[in-house]
1. Quick test of your reading of the structure: L31 fulfils all but one of (1) at pLDDT 90 or above; (2) under 24 Å from T129 (Cβ atoms); (3) more than 11 Å from the chain's Cα centre (by Cα); (4) of a type outside the set (F, W, Y). Name the failing condition by number.
2. Would the range 67-74 turn up any residue that is aliphatic (A, V, I, L, M), within 16 Å of the chain's Cα centre (by Cα) and farther than 17 Å from A18 by Cβ?
3. From L53, L68, grab the single residue that is closer than 22 Å to L14 by Cβ and out of contact with any Pro (no Cβ under 8 Å at 6 or more places or on another chain).
4. Scan the range 80-97 for residues that are under 14 Å from G59 (Cα atoms) and in contact (Cβ under 8 Å) with a residue 60 or more places away in the chain and jot them down.
5. I need a count of the residues in the range 98-129 that are free of Cβ contacts under 8 Å to residues at least 12 places away in the same chain and assigned to a loop (DSSP other than H, G, I, E, B).
6. Working carefully through the options I67, I63, find the one that is modelled with pLDDT of 95 or more, farther than 26 Å from L127 by Cα and part of a helix (DSSP H, G or I).
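The values are calculated or read from the model by the stated rules, or taken from the named source; none is laboratory data. Please read these numbers as outputs of a predicted model, since none were measured by experiment. Note: ideal-geometry Cβ built from the backbone for every residue, glycine included; neighbour counts use all protein chains shown.
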Amino acid sequence: MSSSHTENAWADGLGIFAGAALLTVGIFQFLEGVSAAAKDDVFVTTPNYVFELDLTTWGWIHIVLGILVAVIGASILMAKRWALVAGVVLAVLSALMNFLWLPFYPAWAVIIIAFDVAVIWALSSMLGTARR
């Protein structure tokens, strides 16, 4: 087995992981946004939080970002080259937004941030092998 064949298989595996993870995170963020916009009792509001927005606003932010992330994840699974860079940008944006979401649902935000970091690593690795 040649080195080039091994690198291609590795890159394909990372692409499938990144696309599936982004698609999953996007769907989860969309559902989280719907829950927050509906003023669900699941979320605890934190008084005097620096990035204080009401739950409806946070919900709509999650809905929009969730749709974008899911679309980019599906595009990566369809092997669209442009989606690799867009996926890194949206994963960074998603991680930052979930950092701001920490006071409302800490465990969920940390899980999504971890997925976003894994996606950034996978897509960065793919972009690095594509340049060679």
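1. (2)
2. yes
3. Of L53, L68, the one residue that is closer than 22 Å to L14 by Cβ and out of contact with any Pro (no Cβ under 8 Å at 6 or more places or on another chain) is L68.
4. Selection gives S94 alone.
5. Final tally of qualifying residues: 1.
6. Just one listed residue meets the conditions, I63.
Results for (1) over 26 Å from G15 (Cβ atoms); (2) touching a Phe, Trp or Tyr at 6+ places or on another chain (Cβ under 7 Å); (3) of a type outside the set (A, V, I, L, M, F, W, C), shown as yes or no for each residue.
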position	(1), (2), (3)
N48	yes, no, yes
W60	yes, no, no
I72	no, no, no
L77	no, no, no
L93	no, no, no
S124	no, no, yes
